[in-house]
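The values are calculated or read from the model by the stated rules, or taken from the named source; none is laboratory data. It should be emphasised that the depicted structure is a prediction, and the values quoted were computed from it without experimental measurement. Using ideal geometry, Cβ is built from the backbone for each residue, glycine included, and neighbour counts are taken over all protein chains shown. Ligands, DNA and RNA are stripped out before the accessible areas are found, and what is left, the full protein with its side chains, is counted by its heavy atoms. Shrake-Rupley method; radii C 1.70, N 1.55, O 1.52, S 1.80 Å.
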Amino acid sequence: MEKCEAAARAIRRETLNHHVNARHLDLASLKSIREFAAKISEEEERVDILVNNAAVMRCPHWTTEDGFEMQFGVNHLGHFLLTNLLLDKLKASAPSRIINLSSLAHIAGHIDFDDLNWQTRKYDPKAAYSQSKLAVVLFTKELSRRLQGSGVTVNALHPGVARTELGRHTGIHGSTFSSTTLGPIFWLLVKSPELAAQPSTYLAVAEELADVSGKYFDGLKQKAPAPEAEDEEVARRLWAESARLVGLEASHVSSVREQPLPR
């Protein structure tokens with residue numbers, strides 16, 4: 001929260017906009033997500049844009065407060081619950097937009113419905129990350145289908161590789177050779193956080209994207225995602241399983257209008 005408050009102060013100082021606030025949210029805690037969503041719903045008149053940006057990457061075999069594999073729990077389930085809890089506010093604020101941060105790594109992912117939380121398989125942090133980011137694209141597709149006609153759009157995005165601490169669990173940070181020899185080259189090739197944020201900003205405000213929904217963007221360009229990310233049956237099944245795992249009440253599920261699958 002200290003870093004978050006400092007960022008909010010810097011934005012207020014630079015923009016002279018005093019309506020910039022920091023709020024606590026732990027996406028590894030369903031309790032924290034529900035408390036945050038309730039606070040936003042109570043205190044904010046509108047939610048025009050929701051950018052689901054937080055993530056963990058290739059961490060050890062950790063679990064969230066509620067027992068989910070950390071990457072699947074934070075990258076997908078946390079955002080799934082948060083978004084659903086804020087949908088009424090988003091729909092009341094329409095036209096509004098949701099941007100879900102995925103990754104190019106989703107193309108290597110596979111949704112293993114028999115072991116979503118890596119309880120029986122040998123843990124593979126890279127495969128777990130790819131599964132979580134594939135889940136984000138599938139969630140985007142199914143949510144877009146359910147939101148047809150609501151005035152709320154949702155798109156998935158690979159922003160590019162950013163110069164942040166997201167990769168702190170990867171090999172480049174784990175060896176002296178990587179950090180001293182390859183590190184400087186790597187940091188020259190990746191985007192600054194400011195540059196990496198531009199695609200999210202574009203999807204949030206671009207007038208030409210007002211009616212674009214359910215798509216996947218690589219940077220500023222719309223692209224086709226991996227074949228499994230376009231599987232409607234997998235997307236529907238993942239939605240149902242995610243709702244069960246996070247304890248999403250039937251009232252919230254039914255508030256997202258069902259659309260029949262094309263035949």
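Each residue, T15 and C59, gets one label point 7 Å from its Cα in the Cβ direction; the gap between the two is 2.8 nm. The charge dipole of region 1-134, taken about its Cα centre with unit charges on the Cβ of Lys, Arg, Asp and Glu (plus for the first two, minus for the last two), comes to roughly 380 debye.
At the residue level, V20 shows approximately 30 square angstrom of accessible surface with a 1.4 angstrom probe and all protein chains present. Counting 0.36 nm for each residue step from A8 to K126 and taking away their Cα separation leaves a gain of 39.2 nm.
Using a probe of 1.4 Å, the accessible surface attributed to L245 totals some 40 Å² when neighbouring protein chains are kept in position.
Note on K221: accessible area is roughly 140 Å² with a 1.4 Å probe, heavy atoms of protein only.
A simple spin-label model places pseudo-atoms 7 Å from Cα toward Cβ; at R237 and K223 they are separated by 2.7 nm. Legend: residues H19, H110, H79, sorted from most to least accessible area (1.4 Å probe; ligands, DNA and RNA excluded), read H19, H110, H79. Residues whose amide H lies under 5 Å from that of D26, counting only those 5 or more places away or on a different chain, are I33; hydrogens are built 1.01 Å from N in the peptide plane. When all protein chains stay in place and ligands, DNA and RNA are ignored, the 1.4 Å accessible-area order of E228, E194, E2, largest first, is E2, E194, E228.
Residues S93, S150, sorted by accessible area with the largest first, give S150, S93 [1.4 Å probe; ligands and nucleic acids excluded].
Alpha-carbon geometry of region 186-237: the Rg and the Dmax are 14.2, 41 Å, given in that order.
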